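Inspection log for the structure reproduced underneath, given as structure tokens.
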Amino acid sequence: MKSLYVKGTPVSPFVDFNIELRMLQISGFSRPENVRDFYFPLIQWLDELNNWMKSNKSLNVEVEPFTFKFKFIYFNSSSAKFIYDIIIMLNGFQRDGFPIKIYWYFDEDDDELREAGEELSDMANVPFFYIATKKE
């Protein structure tokens, strides 16, 4: 299983799914012109990761949790659907016995972004850890 890295742009987020560190991160702006083309490879990679972990579960006596960090500055409504799909997949990881810790970062002055994280967490029935940050 290989890690996945996508350089961010002014309209699409930075992605670093580092398999060795068990750290998955999406950050920045998410308003790509074709949201499906951007997010489909990420969802496919997560599906492959879940299958890979299931096939290698016998090798791990104790499974270390994966950490998933959402560090959006902004995401549009089209992106929200795919972000929700990712969260549902992460919930599936947990149901399959693979621990996941989800962190939702937001600017301390951005109530809308925090509320978006709370809504996604509630809809998917997956607990998040919320991290308020300050603009530099």
Taking neighbour counts of Cβ atoms within 10 Å as a proxy for exposure, in what order, fewest first, do Arg31, Arg114, Arg36 appear?
Arg36, Arg31, Arg114
Among Ser55, Ser30, Ser121, which one shows the biggest mean-square fluctuation in a GNM of the chain, springs joining Cα atoms closer than 10 Å?
Ser55
If you fit an axis through the alpha-carbon atoms of helix 77-95 and take the longest principal axis of the Cα set of the chain, what angle between them do you get, 0 to 90°, nearest 10?
30
When Trp52, Trp45 are ranked with the fewest other C-beta atoms within 10 Å first, the list becomes Trp52, Trp45
If you line up the long axis of helix 35-55 against the longest principal axis of the chain, both from Cα atoms, how many degrees apart are they, to the nearest 10?
20
Give me the extension gain from Glu112 to Phe129: residue separation times 0.36 nm, minus the current Cα-Cα distance, reported in nm with one decimal.
4.5 nm
Projected label distance in nm at Gln94 and Ser78, using a 7 Å step from Cα toward the beta-carbon
3.0
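Before rounding to the nearest 500, sum -39500 (n - 2.57) across all DSSP H runs of length at least 4 in the chain and divide by the residue total; then give [θ] at 222 nm in deg cm²/dmol. Please report the intermediate quantities before stating the final value.
Values: 3 runs with 54 residues, N = 136.
One gets -13500 deg cm²/dmol as the mean residue ellipticity at 222 nm.
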Express the relative contact order of the chain as a whole percentage, based on alpha carbon pairs under 8 Å and six or more residues apart in sequence.
21
Amide H to amide H under 5 Å from Ser3: which residues, 5+ apart in sequence or cross-chain, H placed 1.01 Å off N in plane?
Ile19
Cut-off 15 Å, label 7 Å out along Cα→Cβ of Lys101, residues of the range 109-131 by amide N:
127-131
By a straight-distance test (C-alpha under 17 Å), which lysines pair with Lys134 as possible cross-link partners, with residues fewer than eight away in the same chain excluded?
Lys69, Lys71
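Just so you know, all these numbers are worked out from the coordinates, no wet-lab data involved. The structure presented is a predicted model; accordingly, all values stated were derived computationally and were not measured. Here Cβ is always computed from backbone atoms with ideal geometry, including for glycine, and neighbour counts include all displayed protein chains.
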